[in-house]
Each structure stands twice: as structure tokens, then as C-alpha cells.
Amino acid sequence: MIRATPDFRSPLLSPEFTQIVANIRHDVRVAVYRRKGQTIGFLPHHRRAGGMARPVGAPFSDYTAFISFPDPDIAIAEALRLAHIDRFQVIGLIDPYGVFGDIGGQTDHACGIDLTQPLDHIPHKHVKNINRLRRRLEEQHGEVAFITPDRNPDHFELMLRLKREQARTTGLHDFLAPKWVDTLMRQLFAATVEGLHGQMLTLSVGGKGIIFHYGVRLGDVMHPWISSFDPAYSAFSPGQVFLAGCADVLKADGVDYYDLSTGEQHYKTAFGNTHRTVTHGHVYGDSMAGRCAAHTSAWTREITQSLSPRMAEITVRLNRRLDQICALELDTPARLRGIWRAALATPQRLKLPEPRG
């Protein structure tokens, strides 16, 4: 099914990804749909309490899909009912055959770099500015070079440490702290390159790694999850230098598509040469509990929309933070700690004044 549908070729939608997460977490299930003895589709998911489900690997599952051949002739509400799922979180919906229909939700833009196409889409003025930054970086710190695949364990540990420090500094939830996440990252890094594995792409300056992209690769598609850099080099915009120069080394390593996914649009849009609209939200099973959850969600949205634009933005951001915490932390004490830290960091994240007294 994945080979028949290019939209499904992300490593995150592969059976190999479902399997490695299932080896780490006990709550992975795959709903298999059959009609008249023929398999028509698959829906891998994390089965949580209360009829709630999320895509496998959430929140690292940047895409959600019902994996099928063309025209499976099933609607998501029925599919969820058959799987005894009342509410399903959708992250980056890919729905080439209309199984999910119009879910409402929040639209987003996913970008990527198709390395089989000419990479002449970056404005000339932008390229000149990046080349100037790269020359300054080399003049002050030494030769700029790329390493891929970077198998240096010290670089791997530095990449993780820099990202966790960034989370603490900015008040974000430390998404690398949960044990299952740390195990997933390390198992992928140790996996053989013949199958699904973790791959790191490093930009070094004077022999020192200063910016790292790390994610999952299967075949000729790589999907980075983590981008971390040494803040001592921020004046040189190392992220732009990285993205402007990584194409040749990725192509030489056999990567045809570098999936930048969603988020950080100010640079992904500039460097990506493929763009598509995806949707985040929730869908509901055609059951009494599912319909009740859908009505409650619609009521909550109405209340949010009645708020002032600023308060609505704050509410959406807080809900997004809570969703991420609940996806990452698997037990109640860890979730409560995450929610408490999020509450303490709210003024910092929202740039609101600290409360008095």
C-alpha cells in the first residue's frame, strides 16, 4: 500500500516505525480492516484509557494516515467505531483517499526538499547573504564541513544536551526526557542502515560540530526530528548556512527527499521546494461516547472563538502544550509535573508579566 501511494512514503508511516515503537511501549495497536476476506487498510495507534488514541510515536508522528490502497470506501468515524476508539488525535493529516473527510481543526504547512529536482528556488539575494555568513564563520572559526551519516557518539550526546538546554531556556516541555523517548532515539541511532534507522547530519566548523539534525531514515527518505545548535554561533545564523549547504551531501548519501515537516515556517518555506497543507485536530468514532466527545469538543471550540483574539491564542497554545505533555508522559505523576512546569513557564512563553505577590 505504501509503495502504491507516494503520499505514504514517510518513514513515520512505515510498518518498521510502528514495530520499533511497539518494542518500547506497551500501548501500540494496529487496527486491521478487512472486507470479504480482503485487507483494505491499517490504522496504527497508541491505545490510551477512555477510548482515546493517538498516532504511533506521538508527538514524533508528524503525519497521520489511514494506510490503504486507493478507494478503500470507509469513513474514519466507522473505522474508529470498529476499532473501539472514541476519539483519535490527528497530527499532520495525509488523506489522499478521503477517509477522514473535512475534520476542521488547524491547518498547517509541511515542507520538504526534493533532491531529485533542481534546487534553484532560493532567491539570489538570500543566497548571497548566506554565503556572506558562511565566509564570516570560516574566517573566524575555521573550515565549514558536513558530516553524514554522523555516527560519532559524542556528537549524538551533544545534540541531545543542546536541545534539552534549549527547552529549559525557552520554557518548553523537555520532550527528550521521557524514558521511552530516550530509548527510541538511542535504539534508532544504533540500528543498522539497511532498514529503518536514526541518522544525524552535522555541520562542523574547524572540526567542531555546531549544528545537528537528527531523525529517522528509511531508504531514500529522511525525516529529521531534532534541530539543535551551539548558541555561541548564533550570530552566524548556522541554521540557514546548514539548510543552504546540506543538499549536495544528502544527495551523495542517497537521500532523495528530506522531509522538513511542519513548524518553523520562516526558514522551512524558504529552503523547501515542496509544500503541502496538512491538518491537526481530532476525529471521533461513530459511537455514543464518540458523539458525546465530538459535541463536547465543538462546545469548547465555540467558547474559545468567543474570547478575544489574544485570549483565544493563549487558550489554543495552552491546549497544544497539554496535548504534547499527555502524549509524551505515560503516567499521571509525570503528567502532573509537566503541567506544573508548563504553568510556571506560561508567562515566559506568552511574554506576559509575572504575577505580583
* Asked: Any idea what diffusion coefficient the range 76-124 gets from Stokes-Einstein, in µm²/s, Kirkwood Rh on alpha carbon pairs, 20 °C, 1.002 mPa s?
  -> 150 µm²/s
* Asked: 222 nm [θ] for the chain, helices only, -39500 (n - 2.57) per DSSP H run of 4+, per residue, to 500?
  -> -13000 deg cm²/dmol
* Asked: Helix 238-252 versus the longest principal axis of the chain: what is the Cα-based angle in degrees, 0 to 90, to the nearest 10?
  -> 80 degrees
* **Karplus (6.51, -1.76, 1.60) ³J(HN,Hα), θ = phi - 60°, over the range 315-323, in Hz, Gly and Pro reported as x** => 4, 4, 5, 5, 4, 5, 5, 5, 4
* With respect to the cross-link table entries Lys179/Lys268; Lys125/Lys163; Lys125/Lys208; Lys163/Lys208; Lys125/Lys268; Lys179/Lys208, which display a Cα-Cα separation exceeding 26 Å? -> Lys179/Lys268; Lys125/Lys163; Lys125/Lys208; Lys179/Lys208
* Structure fact -> Labelled set [x] 55, 42, 40; [y] 66, 62, 38; [z] 67, 54, 41; Cα extents along the principal axes in Å computed from this model equals the value at [y]
* Please express the shape of the range 147-244 as an equivalent ellipsoid: the semi-axes are the square roots of 5 times the eigenvalues of the C-alpha gyration tensor, given largest first in whole angstrom. => 21, 18, 11
* Convex hull over the Cα atoms of the range 1-152, averaged projected area in nm²? -> 13.6 nm²
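Given a cut-off of under 8 Å on Cα pairs at least six residues apart, what relative contact order in percent is computed for the range 159-200? Walk me through the numbers on the way to the answer.
Values: 21 pairs, mean separation 8.9, N = 42.
Value for the range 159-200: 21 percent.
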* **Carbon plus sulfur fraction of accessible area for the range 80-126, probe 1.4 Å, in percent** => 49 percent
* **Between the range 37-99 and the range 101-137, the Cα center-to-center distance that results, in Å** => 30 Å
* Asked: So who's got an amide H within less than 5 Å of the one on Gln199, skipping anything under 5 residues away but keeping other chains? H placed 1.01 Å off N, in plane.
  -> Gly215, Val216, Arg217
* Summarise the accessible area of the range 232-291 (1.4 Å probe, protein heavy atoms) by the percent that is carbon and sulfur. => 52 percent
* Would you pull out the residues with amide H under 5 Å of Arg48's amide H, same chain only if 5 or more places away, H placed 1.01 Å from N? => Ala53, Arg54
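In percent, how large is the relative contact order of the chain, given Cα pairs closer than 8 Å and 6 or more residues apart? Walk me through the numbers before you get to the answer.
Numbers: 559 pairs, mean separation 80.9, N = 357.
Once normalised by length, the contact order is 23 percent.
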* Placed amide H near Thr274: partners under 5 Å, 5+ positions off or other chain -> Gly112, Asp114
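Taking 0.36 nm per intervening residue step and subtracting the Cα-Cα distance, what contour gain separates Gln305 from Asp120 on full extension? Walk me through the numbers on the way to the answer.
Values: separation 185, 0.36 × 185 = 66.60 nm, distance 4.16 nm.
Stretched out fully, the Gln305 to Asp120 stretch lengthens by 62.4 nm.
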* Asked: With the calculation restricted to Cα positions, what are the radius of gyration and Dmax of the range 282-336 in angstrom?
  -> 13.7, 35
* Per-q log10 I(q)/I(0), the range 32-93, q = 0.15, 0.29 Å⁻¹ (Debye; single scatterer per alpha-carbon; no solvent) -> -0.45, -1.34
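Starting from the Cα-Cα distance between Val30 and Val127, subtract it from 0.36 nm times their residue separation and give me the gain in nm to one decimal.
Numbers: separation 97, 0.36 × 97 = 34.92 nm, distance 4.56 nm.
Result for the pair: 30.4 nm of gain on full extension.
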* **Diffusion constant of the range 83-181 at 25 °C, which comes from Stokes-Einstein with the Kirkwood Cα-pair radius and 0.890 mPa s, µm²/s** => 127 µm²/s
* **From phi via Karplus (6.51, -1.76, 1.60), per-residue ³J(HN,Hα) for the range 200-210 in Hz, x at Gly/Pro** => 10, 10, 10, 9, 10, 10, x, x, 10, x, 10
* Structure fact -> For the pair Glu313 and Ala232, the simple spin-label estimate (label points 7 Å beyond Cα toward Cβ) gives in nm 3.6 nm
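Given +1 on the Cβ of Lys and Arg, -1 on the Cβ of Asp and Glu, and no further charges, what dipole in debye does the range 218-305 carry about its Cα centre, rounded to the nearest 20? Spell out each step's value before the answer.
Numbers: 5 positive and 9 negative charges, 73 e Å.
Roughly 360 debye for the range 218-305.
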* Asked: Where does the range 205-357 land on Rg(C-alpha)/(2.2 N^0.38 Å)?
  -> 1.37
* To do: Taking the dipole about the Cα centre of the range 65-159, with the C-beta of Lys and Arg at +1 and of Asp and Glu at -1, give me whichever of Ala77, Phe156, Gly105 is farthest to the positive side.
  => Phe156
* To do: Report the charge-dipole magnitude of the chain in Debye, nearest 20, computed about the Cα centre from +1 at each Lys and Arg Cβ and -1 at each Asp and Glu Cβ.
  => 940 debye
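Over the chain, average the accessible area per residue using a 1.4 Å probe and give it in Å², no decimals.
Working: 18010 Å² over 357 residues.
Normalised by residue count, the accessible surface of the chain is 50 Å².
The values are calculated or read from the model by the stated rules, or taken from the named source; none is laboratory data. The shown structure was predicted, so the numbers you read here are calculated from the model rather than taken from an experiment. Ideal geometry is used to build each Cβ from the backbone, glycine not excepted, and the neighbour counts take in all protein chains shown. Side chains are part of the model used for accessible areas, which takes the heavy atoms of the whole protein and leaves out ligands, DNA and RNA. Shrake-Rupley method; radii C 1.70, N 1.55, O 1.52, S 1.80 Å.
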